[in-house]
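J.: Questions regarding the structure given below will be posed in turn.
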Amino acid sequence: MTLGSRRLNEDREQGRTNILHSFADVALLLSRVKTGSELHSAREQAASWLARQAALPAAVGEVGFGASGLPRLLWCSREGGLSISGDEDLSKWYEHAARHAGELCVARGKNWRGLLSAGEFSSETGLRTAVLFEDGVVDPEVAVNASQIAALAESASVYVRKSMASALEKRHLLDLVEDTTSWLALEVDIVWEAGPDGIIRVRRILNGRKDLGAMIDGGSLASIKIDGERSLLGALQEFGSVRHLPIEADGAAGRNETFLVSARMNESAGSPGSCIGTITAAKKPADGLVRQTAAMMVQMRDARLREERQRREAEAMLQGLRLLLGPDASREKLSRLVALVCGCIGASAARVVQRGLDGSVRFLMPREQKPGGEAEAAFDLILNRSGAGSAVAFDLGSREGAMLTRSFGIDGRHAAALPLPLRGEAAFLICVTSRDAGFSSSDLDFADRLTLLLRQALLLGEEQNQLAQTAKMAALGQMSASIAHELRQPLNTISLAVQNLELLLQAPEVDEAAIASKTKRVLAQVERASEVIDRMRRFGRKSTGDQSTVSLCDLVENVEAIMHHVLLRAGIRLETEIPEELSVIGDQLQFEQVLGNLIQNAVDAISGIGAKHERSEGLIRLRAEVPAEEKAMVILRVEDSGPGFRQEILDRVLEPFFTTKSAEHGTGLGLAICNTIIRESGGRIELGNHEAGGYVALILPREIA
């Protein structure tokens, strides 16, 4: 009996009537959630339904970040049969699952696998819903249902939290109203009423103001003036009520007080024409005090506005710093930082454009878009208008704005260009808004400050590329012996062939066939030397970072040709098991650099550099396969017969400048740079040991026909 059948029988034995039979039942249940208890029950039932469908223990949980900044399981269901501790380390799984939202990801070293919701509903709460299964084979249809359930559960969680926050705010508002009413009551000095005859009768005296009660008790509504001419009685008959109006009454002359009246006609059928009201006394402020009070109120309002603006700016800066320091690739950081800037200033679209050292204009974001034919002229226009590096605004309805629209594919009423100067190059963030008023000066000032983070993100990416290029040239320097050997062989062959040609030409009878053969051999060796030089030049060329389809067979063949002499000199055999049909997405030059670095590390490990090792057979094996749980990825494993990775260094080998080699053999940048390149390409690196040594696995995005 499967786990799903057992759970169904248990539910029936316990007399439950709310068993979910289909995905539609689960979706309907989650969509009807209104309260916290309903949310708790719905997630428990969803976990139980998933467990029955997958025939595996399952759980639905909520993931957030603890005080340490690390992801934690804040809540986890129990009905699905899978129990996971909230203190369990989720860092590596969370990083992988966040990049592949909605896809099942294996948790290394755990007995479960799971997926994360896309996070489209939880931007305000920072919490994401996770669906977890005990490690095993999960049917693809169940995995799709799990992803949709995660999204629905996340939406329900956000709705419940917003409802609770709204209820809390409403309670707070009611308490505030009650307190305000109480305070207002303390300010009232006299409560009075008047019958149809218009005679005032004091009903309650507050704050000890008996003198005020004696002044108006028994008086007439007609004798109280509210504007010097109109009587209080006439105003009530015309308007039905008055509120906080200054009055003049008998006995009020000469007092250093102002009297404010509030009153309304009594609409009850039992006493037509009567009214009720209050009178409040206040000191008369001097004219100078009135002006000072008004000025102080204006200053307080301005101070509150400045404080609110500074608070929003501080929150945006903090969020930007978190994005900048996060583990995401530099392209994703740039995209999210641009979205943050646009959200803060109310922009609806954005472009990041850059002029290279060759004068051409290209898009840094979105990378797939191409600039129009007038892009260089439009870039010059922005550059000239920005002057000393300040933000500039454009009306897109003008002639200049039309050129920007054609060049950069933007649409709206107004645009703003924010400078992002880089080393030796110029770049701009171009934002667009459809508001009639356009961008305000405060918006542009704030965006100018926030673009410091964008500038830093671009510089980080530039520094990573420069560091990778430096490491590549260092690798070429280490392979200089291999280059010399590769060139020496064809040159020696050419030299011998030319000497033979000289002898043949000096012979009494010229052997044309022999001369043709020698000439053909010379040309073949010249072509071979040319191929070696082209290969080295291509490997040393600075990558542009462009994504393309890369054949794994061609990739391995190119690197094997470059590393051939290094392997030959070390006495190490290279075996490859690469299916011809496998291709990946990325930059071929960068992938060649990574693979060459990994093979060099394997050669060093087998040769005992960095760790003592009693060498037997020197073997490096390259294998490629498509993992069953990640069909959109390819695993390229570099296995060696070296000592493997010691447990105490396994978690540190990807750190910059960490190395076990001496200074003459390494700087500790190789694997760190490899990790950066692979992450930028949308993949990841995994390391470990196998039965005969260590391995490094490159998990790369797969090209699917």
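The values are calculated or read from the model by the stated rules, or taken from the named source; none is laboratory data. Please read all numbers here as calculations on a predicted model, not as lab measurements. All Cβ positions, glycine included, derive from the backbone under ideal geometry; neighbour counts span all protein chains shown. What goes into the accessible areas is simple: the full protein's heavy atoms, side chains included, and nothing from ligands, DNA or RNA. Shrake-Rupley method; radii C 1.70, N 1.55, O 1.52, S 1.80 Å.
J.: Would you mind checking the pairs K210/K283; K92/K162; K370/K631; K34/K110; K162/K631 and listing those with alpha carbons more than 26 angstrom apart?
T.: Numbers: K210/K283 17 Å; K92/K162 30 Å; K370/K631 31 Å; K34/K110 34 Å; K162/K631 38 Å.
Result: K92/K162; K370/K631; K34/K110; K162/K631 exceed 26 Å.
J.: Residues with beta-carbon under 14 Å from that of G136, excluding G136: net charge, scoring Lys, Arg +1 and Asp, Glu -1? Spell out each step's value before the answer.
T.: Working: positive: K110, R113; negative: E134, D135, D139, E629.
Once positives and negatives cancel, what remains is -2.
J.: With all protein chains present, calculate the accessible area of S398 using a 1.4 Å probe and round the result to the nearest 10 Å².
T.: Approximately 50 Å² of S398 is accessible to the 1.4 Å probe.
J.: Ok, one more. Kindly state, to the nearest 0.05, the FRET efficiency for E400 paired with E509, given R0 = 60 Å and r defined as their beta-carbon distance. Show your work: numbers first, answer last.
T.: On the way: r = 82 Å, r/R0 = 1.36.
Working from the Cβ atoms, E equals 0.15.
J.: Note down the magnitude of the dipole of region 107-162 about its Cα centre, charges +1 on Lys and Arg C-beta and -1 on Asp and Glu C-beta and zero elsewhere, to the nearest 20 debye. Can you show the working numbers first?
T.: Numbers: 6 positive and 7 negative charges, 54 e Å.
The dipole of region 107-162 has a size of about 260 debye.
J.: Take the alpha carbon gyration tensor of region 71-144, find the square roots of its eigenvalues, order them as a ≥ b ≥ c, and report rounded if a/c is under 1.5; if not, report prolate when a/b exceeds b/c, else oblate.
T.: rounded
J.: By accessible area of protein heavy atoms, probe 1.4 Å, what ranking do R312, R621, R171, R684 get, highest first?
T.: Values: R312 115, R621 65, R171 135, R684 25 Å².
The ranking, largest first, comes out as R171, R312, R621, R684.
J.: What ranking, highest mean first, results for peptides 241-248, 98-105 when packing means the other Cβ atoms within 10 Å averaged over each residue? Could the numbers behind the result be given before it?
T.: Numbers: 241-248: 14.1, 98-105: 17.8.
Per-residue Cβ counts within 10 Å, averaged per peptide and sorted highest first, yield 98-105, 241-248.
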